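Colleague: My questions all concern the structure below.
The values are calculated or read from the model by the stated rules, or taken from the named source; none is laboratory data. Every value quoted in this text rests on a predicted model; they were computed, and no experiment measured them. Cβ atoms come from the backbone with ideal geometry, glycine included; neighbour counts cover every protein chain shown.
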Amino acid sequence: MKNPHISIGLIRPKSPTNVGAVMRAAGCFQASAVFYTGDRYDRAARFNTDTKSKTLSIPLTGVENLLDSVPNNAHIVCVELVEGAISLPDFQHPENAFYIFGPEDGTISQEIVDRADSVVYIPTSGCLNLAATVNVVLYDRIAKSPQTVVGDELIRQSRDINNSTKVQPVISNECEALCDNG
C-alpha cells in the first residue's frame, strides 16, 4: 500500500463513548475521515469522550446516506455478522477503503451490503461493540500491511507522556541465576 486512504462510516451510532473511541482508533490507525448517520449520536455528543481530541484533525461528519459519502476510488467494505461474509483473517484489505460498520442494535441495510465491494466479519462467539470492532479491523489492516512501521521510535512517538518504561536487557549472569532458581 503506497498511499493508503482509510475512511470510516458508522450507521446510527448510539453511544458517544463508542464514537469517541472510534475517533481515537481513527487517529491511531491514520484514518482520514469518519462519517455517521442518524441522530442518536448528535443527541448524546455533549458527553465528549474523544480523549485525544482527534475531531480537531479528523473530520467527524453527520450524513444522511453513507453511500453518498464514499471517497473517490474507495472500495466499500462492510463489517457485519452476515451470512456469506469473508472472515477477517482471510480478508485482504484494499489500498483505499471505506469501512462501514453497522449499529450495535441493528444491521447494515441490504442496499449497502449489495453495493459493497467486500463484506467481512470478525470470527467471534457473539458480537463485539462498535468501537472494539473498528479497532480490530483497523489493527488487522495495519498488521497485514508490508509498510507497517515498527520499533522504538514509533513507540516513543505514540505512547503517553507518563510512560517512559523500557524493557531492560537480561545480562547472562542474571539469566543463569534466574534459570537456576526456576
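Colleague: Do you know which residues across segment 1-17 are closer than 19 Å to residue 69 by Cβ and not β-branched (Val, Ile, Thr)? Explain how you work it out, then say what you get.
Modeller: Filtering segment 1-17 for residues closer than 19 Å to residue 69 by Cβ gives 4-13.
The answer is 4, 5, 7, 9, 10, 12, 13.
Colleague: Considering only residues of segment 16-54 that are under 13 Å from the mean Cα position of the chain (by Cα) and β-branched (Val, Ile, Thr), which is modelled with the lowest pLDDT?
Modeller: Step by step, filter segment 16-54, then rank; the result is 19.
Colleague: Among the strands (runs of 3 or more DSSP E) confined wholly to segment 60-115, which include 2 or more residues that are in contact (Cβ under 8 Å) with a residue 60 or more places away in the chain and not β-branched (Val, Ile, Thr)? Working first, answer last.
Modeller: Details: elements: 60-62, 75-79, 96-101.
Result: 96-101.
Colleague: Oh, and also: Quick one: residue 1 ticks every box in (1) assigned to a loop (DSSP other than H, G, I, E, B); (2) touching an Asp or Glu at 6+ places or on another chain (Cβ under 6 Å); (3) modelled with pLDDT of 90 or more bar one, so which box is it?
Modeller: Condition (3) is where residue 1 drops out.
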